[in-house]
Every structure is written in C-alpha cells, then in structure tokens.
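Since the structure comes first, as structure tokens, the remarks are kept for the end.
The values are calculated or read from the model by the stated rules, or taken from the named source; none is laboratory data. If you're wondering where the values come from, they're calculated on a predicted model, not measured in any experiment. Cβ placement follows ideal geometry from the backbone for every residue including glycine, while neighbour counts extend to all protein chains displayed.
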Amino acid sequence: MRIFVIFNHHKVQNINLMSEKTIINLNKMSDDAIIQTIADFVKHHRLQQNVTQKSLAEKAGINRTTLSDLELGKRSQLITLIQVLRILNKLQVFESFEVKQQISPIKLAEMEMKKRQKASRQKKYKTTNKTDW
C-alpha cells in the first residue's frame, strides 16, 4: 500500500492511492496542480531517502537550483525529472507510458494457420557420375 503526501494550498493531506475510496482524478486537476504533485513526489522521496538537494543534484548531473525549482513546482524540463527519478530509483512511474504492441485475435489466428505444421519431405537428388576420367 502506497501513501503519498500531497501539499496543496498549504494543507497537508495523506492520500492512499491504492484505496478504492480515494481516487485522484488527474483529468480534473490543473496543469499546475499536476506539476505540484510531481514536485511533492520528488521531494517526498528525496527526504525519505535522507538525501540532500546538493547530493541529489550532483548525482543527477544538474544544478542544485534546478532541483530546487523542480521541488517547488516550477516548470522544468522532462530530462531533469528523468535524471532525478533515476537517482531516486523511481523510474517505474513511467511504466504506464510503455506502448505495447497488441495483435488482434484475427491476426493471431491467421499467423497460427500459416505456422508450419509438418516438416517438408527432403528432396532426393539424383547423382550422376559424369566424369572425364
């Protein structure tokens, strides 16, 4: 069970994302609110791992003020977020972005029908002994 702390309008709320009772509807959130949620996620996990901004920024290859801006909810580049999440070992948040190729049932059936059912018979070659010797 995951619990994230979301700071919104100076109020602290504990939200259990795995609970059926509590559902965050991201579609109803403003862009700035989503950015702030991401910022709070980064800060929460940095503090949970007891890592300073300076240390995390150095390991991620970014400036400390860039990390500070990210944690404050200022608009940042996507590459910055990826670098920070990599160091925090939280890249799994991007798993839902993976595009998985799906084969339709009809195409799958066609592929199965085309699959070889038997080995073909070996052709016998007639050898002729034509030699000039």
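Of everything in segment 80-123 that is in contact (Cβ under 8 Å) with a residue 24 or more places away in the chain and among the basic types (K, R), the residue that is nearest to L67 (Cα to Cα) is R86.
Please return the ranges of helices (runs of 4 or more DSSP H) entirely within segment 43-133 where 3 or more residues are surrounded by fewer than 12 Cβ atoms within 10 Å (Cβ to Cβ) and either at pLDDT 95 or above or hydroxyl-bearing (S, T, Y) (or both). Full working, then the answer.
Working: elements: 53-60, 64-72, 78-87, 105-114.
It comes to none.
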